[in-house]
Amino acid sequence: EAGVTQSPTHLIKTRGQQATLRCSPISGHTSVYWYQQALGLGLQFLLWYDEGEERNRGNFPPRFSGRQFPNYSSELNVNALELEDSALYLCASSLARSGYTFGSGTRLTVV
Amino acid sequence: AQRVTQPEKLLSVFKGAPVELKCNYSYSGSPELFWYVQYSRQRLQLLLRHISRESIKGFTADLNKGETSFHLKKPFAQEEDSAMYYCALSRVNQGGKLIFGQGTELSVKP
């Protein structure tokens, strides 16, 4: 069984640009979660999608957005990139009431 | 407010010594507690969850509701235990987001 896959592995953008990060959950998992892991800040919850709907949102500005597709895969979009958006972005999936399975992450660097 | 606190950023022990990674939480409802581990160059993975009451790789953790703690323990540390450990909390049986602590880096020296 394939795990949670994220693409791209690395992404370099300039300040002001937009970034799109992708996540494919484990087959059968309906929930997708996005986390930001910035240096020294631990894992900060960004977004939770379940059955195509946004269920919860962390304390991030609106330029962080996303969506979940009918096949349960998900996109995270970050608009108007700022230098402090540089971080590892982790995606996780779960089936209701089960634990998370994490992907390897996308390393976003904003220059 | 929901919060998970791991007071130690770095914990360094010698091989064979006991290990205790501390985790305290604040939560108004019934929490479900987890420990996740991230070995070097590997993805974050679940180590154990309190409702399972199991021992994984020699690690155990007991939920102490009176002290709002969920400390991770191992009687004899091994070099391969060196990793980043995160304590996390969610609502019982309701899925949803996990709140993570800041993490503790465990370094086991030979």
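Taken together, the residues in region A:1-57 that are in contact with a helix residue (DSSP H, G or I) (Cβ under 8 Å, 6 or more places away or on another chain) and over 26 Å from B:I99 (Cβ atoms) amount to 1. List pairs: first in region B:66-82 and at negative phi, second of a type in the set (F, W, Y) and surrounded by 15 or more Cβ atoms within 10 Å (Cβ to Cβ), Cβ under 6 Å, 6+ apart or cross-chain? Hits for this filter: B:L72/B:W35; B:L72/B:F59; B:K74/B:F59.
Looking at chain A, the strands (runs of 3 or more DSSP E) lying wholly inside it that each contain 3 or more residues that are of a type in the set (G, A, S) sit at A:87-94.
Of all the residues in region A:39-63, those that are closer than 30 Å to B:L10 by Cβ and in contact with a strand residue (DSSP E or B) (Cβ under 9 Å, 6 or more places away or on another chain) number 10.
Looking only at region B:37-54, decide whether some residue is farther than 30 Å from A:T9 by Cβ and either part of a loop (DSSP other than H, G, I, E, B) or at pLDDT 95 or above (or both). Yes, region B:37-54 has at least one match. In region A:12-34, the residues that are within 14 Å of another protein chain (Cβ to nearest Cβ) reach residues that are in a loop (DSSP other than H, G, I, E, B) and of a type in the set (K, R) with C-beta atoms within less than 8 angstrom, at least six apart or across chains, in these pairs: A:Y33/B:K97.
The values are calculated or read from the model by the stated rules, or taken from the named source; none is laboratory data. Computed from a predicted structure; not experimentally measured. We place every Cβ from the backbone using ideal geometry, glycine too, and count neighbours over all the protein chains shown.
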